Amino acid sequence: MLRTTGSFKLLAGLICILAAPVSSDSGEPATGWQSPPEDILEVLHAPQLPWVWTPPTGEYLLLADPVYYPSLEALAAPMHKLAGIRVNPVLNSIHGRHGATSPRLVRVEDGGVVPLALPPDLQVLGVDFSADGRRFALTVATSDHIGLWVGGVDERLREVEDVALNTLIADAVSWTPDQEHLVCLRVPERGPTPEPPAIPAGPETAEGEGASARSTYEARNLLQTAYDDELFKYYFVSEPVIVDPADGSATVIGEAGFYTEVDFSPDGEYILVERLVGPWSHEVAYWRFGQKIEVWNALGEPVAEVAVLPLADAVPVHGVRTGPRMVFWRATAPQDLYWIEAIDGGDPVAEVPHRDRIMVLREPFTGEPSEVFRAEHRVWDVAWGTDGALMLGQYERMRRWYHVWLLDVDEGTARLWYDLDAGDSYGNPGYPVFTQLPNGEWVMRQNGTGVYFSGTGATEDGDRPFLDLRDLETGEAERLFRCAPDRYEFFEAFAGSDDRFVFRSESPTEVPNYHLATLGGEIEPEEGEATRSMTSIPITRFEDPSPQLRQITSRIVHYERADGVPLSFNLYLPPGYTGGTLLPTVVSAYPLEYSDASTAGQTRGSDRRFMRIYGSSHLFFLLRGYAVLDRTAMPMIGDPETTYDTFTEQLVADAEAAVAKAVEMGVADPERIGVIGHSHGALMVANLLAHTDLFSAGIARSGSYNKTNQPFGFQSERRSLYEARDVYIQVSPLFFADRIDEPILIIHGADDSNPGTLTSQSEVFYEAVRSSGGTARLVLLPFEDHGYIARESVEHVLWEQLRWFDMYLGGGEESR
């Protein structure tokens, strides 16, 4: 049942609330679903490139064709909002989730294609490879359940009968350490679905006394009634089983429960088990529910209780729960269990010398755990090396700073490996490349004392992805591969040896394809370039699904804000553009926070990408003769504690600089510039219309316009409404709606579950603009969440957006 909180009721079809009558091309009122012109539809529904999964050995690729734009009928199917998740009761899975069809294997050596015999109406949701890369398990959406299919390079694909997977809150499929069996979480026998009561058992209630603040973002799709509790227990319950792929037999190894983790130790002798325990809360989502963490033996018999964590319904804003979290096995030891534990009460503002500690508990798991290391800052990531090294990522909240440490858990030593500003894209060394051990455990891929890293390689001229070998001792990096400056290429996976790997390559005119690279001898490189020669051969030969887009040109443009902050945008020009022609122009952006100007002004993205346009993208305006400023830099620079004190001033300065540059270039007609944004970008749109006269019209989608409705923080704002009342008001365009004298199109999913952007935000904001004499149009999309996915919704949003800017910027056919 659809729950609405606003003043408008959704019965059926599309709700459009207009400041003035709007008509379709036929002259009739546009109250039904609309579609954009045929040339737009042709691009929208062109075949998309396949999803690609790579096995650990990289000997082949597994491809499948993604399903985009499900029908509104599918989106409108029954759904339950339960403890933070929207549940599809038919499949016992996440509502609105779609996969890919027509899976096939592609041999890396010669590009040969081997189709997999999956029925065409079934969709692949996930792939789990065995460590040797020869076999795989597919998680598959059928008409009435999530099924398990198994196959391999030398085996036919087949369904495992009588296994309905429960993928709601855990990975439901993994290989056992011997790589011969699968650990699965399946839906148990549970009887009929609970029937709703004829009348509610009682009112919805909430009560608090002396409570502390918690994040607004915890409160989405929560349990609300006793009936919801029963549905939660029904749909979230699962039982762990061991499946033999050879014959499809399944052996139950534990009672039915609410499992979030079932993970064998590296030697296969024990199982780490994490499950939810009641009571079920109506105030926080399932990940804050009580938990029991245990160790079982391989037969499913409890051996030790690691922790029982109570309901965490009072976690501080931006904080973590106390007790063990991120519990994991040491990949290179038979039975060592590690976890992270807050020692600051989980409170990010507590003044303490250390925030987290690393703990270890060894077999037989009945003694006291030992402390391995104390972290000064919050631990956000861990990764094992092959020789007892533990890479530990810490985040320093006060400075927005990353610290990466290396621990030797055998020697008991620890040292800082590298650190950097979280916003520093140019200095980012990338992320470790991982490999699987024969028992299936993942570790950082090493070569001697070096660890392989891959990254986006941001530069002033755009991203140039790379593959490095970074020394564990010195931190020095040998660059093995770097994207060519006239293309966009990135490392995908190693293929058998350290000298061969798969990479993807594309350019503005060449469709992305996969290639097999072979590294040669050392060469004398220019600074920052690869130190090894390389040859490559193509693996795939995908064709261009939308050749008409190749006439679009793009480049990165650099300029400065009035205060000297360097900025950039990606300038896209429509097909057939003649230099010097003034065009209607669309500015698209999303404000981001930075600690200093040096990182805020860095170029991000690339103009060497192959253009594909999805969904309700603003890039479709290019096919209507508009120029588009994409990824327009809108940085908010300042102390992390007070950045939003100057949000409006900086936003205006950012926009003024972008518009001035586009006009100076002789591209943008200053009288025909529009601004568009989604979510926090919609807040940007509304504020720019309220506080500037730069734009002739705006489009704001799924936005939040009154931040006082999030009294305990929004985006990166760390203060509460009661600590920064004026800031909350100044950031909120609702309080300045009477100043919006440019037309604004307000679009929102009618069932937005994001607590910061509830649908009522757009309803109230629309009414504020309309009642203040402004020109506004509100479009609420039935059944849609924060983003829009149904075919009818996407097509209609494109129609709305094109019509709005055509009307108020003078764009469309006549501008081309």
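For segment 465-481, how many residues meet the condition of being without any contact (Cβ under 8 Å) to a residue 24 or more places away in the chain and either open to solvent by less than 30 Å² (accessible area, probe 1.4 Å) or not hydroxyl-bearing (Ser, Thr, Tyr) (or both)?
Just the residues of segment 465-481 that are without any contact (Cβ under 8 Å) to a residue 24 or more places away in the chain, to begin with: 469, 471, 474, 476.
Filter once more, keeping what is either open to solvent by less than 30 Å² (accessible area, probe 1.4 Å) or not hydroxyl-bearing (Ser, Thr, Tyr) (or both): 469, 471, 476.
So the answer is 3.
Which residue out of GLY319, GLY290, GLY323 is open to solvent by less than 50 Å² (accessible area, probe 1.4 Å), on the phi > 0 side of the Ramachandran plot and either hydrophobic (A, V, I, L, M, F, W, C) or without any contact (Cβ under 8 Å) to a residue 60 or more places away in the chain (or both)? If you could, list the steps in order and put the result at the bottom.
Details: GLY319 fails: on the phi > 0 side of the Ramachandran plot; GLY290 fails: on the phi > 0 side of the Ramachandran plot.
Residue meeting the stated conditions: GLY323.
Determine which member of the set LEU223, LEU182 is surrounded by 20 or more Cβ atoms within 10 Å (Cβ to Cβ) and closer than 18 Å to ALA83 by Cβ.
Working: LEU182 fails: closer than 18 Å to ALA83 by Cβ.
After applying the criteria, what remains is LEU223.
Is there a residue being touching a residue at least 12 places away in the same chain (Cβ under 8 Å), surrounded by fewer than 18 Cβ atoms within 10 Å (Cβ to Cβ) and in a strand (DSSP E or B) anywhere in segment 363-371?
yes
For the structure I just gave you, tell me whether ALA389 is at pLDDT 95 or above, out of contact with any helix residue (DSSP H, G or I) (no Cβ under 9 Å at 6 or more places or on another chain) and open to solvent by less than 20 Å² (accessible area, probe 1.4 Å). Show your work before the answer.
On the way: at pLDDT 95 or above: no; out of contact with any helix residue (DSSP H, G or I) (no Cβ under 9 Å at 6 or more places or on another chain): yes; open to solvent by less than 20 Å² (accessible area, probe 1.4 Å): yes.
The answer is no for ALA389.
Which of the strands (runs of 3 or more DSSP E) contained wholly in segment 84-165 include at least 2 residues that are farther than 19 Å from TYR69 by Cα and charged (D, E, K, R)? So that I can check it myself, show each step before the final result.
Details: elements: 85-88, 100-107, 113-115, 123-129, 135-141, 146-152, 155-164.
Those strands (runs of 3 or more DSSP E) span 100-107, 155-164.
Please go through (1) modelled with pLDDT under 95; (2) open to solvent by 10 Å² or more (accessible area, probe 1.4 Å); (3) outside any loop (DSSP other than H, G, I, E, B) for LEU734 and return the number of the only condition it doesn't satisfy.
(1)
Let me confirm something: among THR509, THR518, which residue is open to solvent by 50 Å² or more (accessible area, probe 1.4 Å) and touching a Ser or Thr at 6+ places or on another chain (Cβ under 6 Å)? I'd like the intermediate steps shown before the answer.
Working: THR509 fails: touching a Ser or Thr at 6+ places or on another chain (Cβ under 6 Å).
One residue alone meets the criteria, THR518.
Quick check: is even one residue across segment 53-71 in a loop (DSSP other than H, G, I, E, B), acidic (Asp, Glu) and open to solvent by 30 Å² or more (accessible area, probe 1.4 Å)? Lay out the reasoning, then the answer.
Restricting attention to segment 53-71, the residues satisfying the condition of being in a loop (DSSP other than H, G, I, E, B) are 54-59, 67-71.
If we keep only those that are acidic (Asp, Glu) too, we end up with 59.
Subsequent filtering for residues that are open to solvent by 30 Å² or more (accessible area, probe 1.4 Å) retains 59.
Yes, because at least one residue in segment 53-71 is in a loop (DSSP other than H, G, I, E, B), acidic (Asp, Glu) and open to solvent by 30 Å² or more (accessible area, probe 1.4 Å).
Could you list, in sequence order, the residues of segment 673-712 that are in contact with an Asp or Glu (Cβ under 9 Å, 6 or more places away or on another chain), of a type in the set (Ser, Thr, Tyr) and farther than 17 Å from VAL779 by Cβ?
Result: THR692, SER696.
Anything in segment 624-647 that is under 17 Å from SER588 (Cα atoms) and either surrounded by fewer than 19 Cβ atoms within 10 Å (Cβ to Cβ) or not basic (Lys, Arg) (or both)? List them, or say none.
GLY625, TYR626, ALA627, VAL628, LEU629, ASP630, ARG631, THR632, ALA633, MET634, PRO635, MET636
Any residue that is among the aromatic types (Phe, Trp, Tyr) and open to solvent by 20 Å² or more (accessible area, probe 1.4 Å) - is there at least one of those in segment 126-135? Walk me through it before giving the result.
Initial filter on segment 126-135 (among the aromatic types (Phe, Trp, Tyr)): 129.
Then drop every residue that is not open to solvent by 20 Å² or more (accessible area, probe 1.4 Å), which leaves 129.
Yes, some residue in segment 126-135 is among the aromatic types (Phe, Trp, Tyr) and open to solvent by 20 Å² or more (accessible area, probe 1.4 Å).
Residue by residue, here is whether (1) crowded, with 24+ Cβ neighbours inside 10 Å; (2) out of contact with any strand residue (DSSP E or B) (no Cβ under 7 Å at 6 or more places or on another chain); (3) farther than 14 Å from SER588 by Cα; (4) touching a residue at least 12 places away in the same chain (Cβ under 8 Å) holds:
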site	(1), (2), (3), (4)
MET684	yes, no, no, yes
ASN709	no, yes, yes, yes
GLN730	no, yes, yes, yes
ALA750	no, no, yes, yes
PRO755	no, yes, yes, yes
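Counting just the residues of segment 507-532 that are in contact with an Asp or Glu (Cβ under 8 Å, 6 or more places away or on another chain) and assigned to a loop (DSSP other than H, G, I, E, B), which one comes out farthest from ARG608 (Cα to Cα)?
Residue satisfying both the conditions and the ranking: THR531.
Okay, residues lined up against (1) more than 15 Å from VAL685 (Cα to Cα); (2) surrounded by fewer than 23 Cβ atoms within 10 Å (Cβ to Cβ); (3) of a type in the set (Lys, Arg):
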residue: SER762; (1), (2), (3): no, no, no
residue: TYR766; (1), (2), (3): no, no, no
residue: SER771; (1), (2), (3): yes, yes, no
residue: ASP785; (1), (2), (3): yes, yes, no
residue: VAL797; (1), (2), (3): yes, no, no
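The values are calculated or read from the model by the stated rules, or taken from the named source; none is laboratory data. Bear in mind that the values here come from a model prediction, so they are computed numbers and not experimental data. FYI the Cβ positions are ideal-geometry reconstructions off the backbone, even for glycines, and counts take in every protein chain you see. Accessible surface is based on the protein model in full, side chains and every heavy atom, while ligands, DNA and RNA are left aside. Shrake-Rupley method; radii C 1.70, N 1.55, O 1.52, S 1.80 Å.
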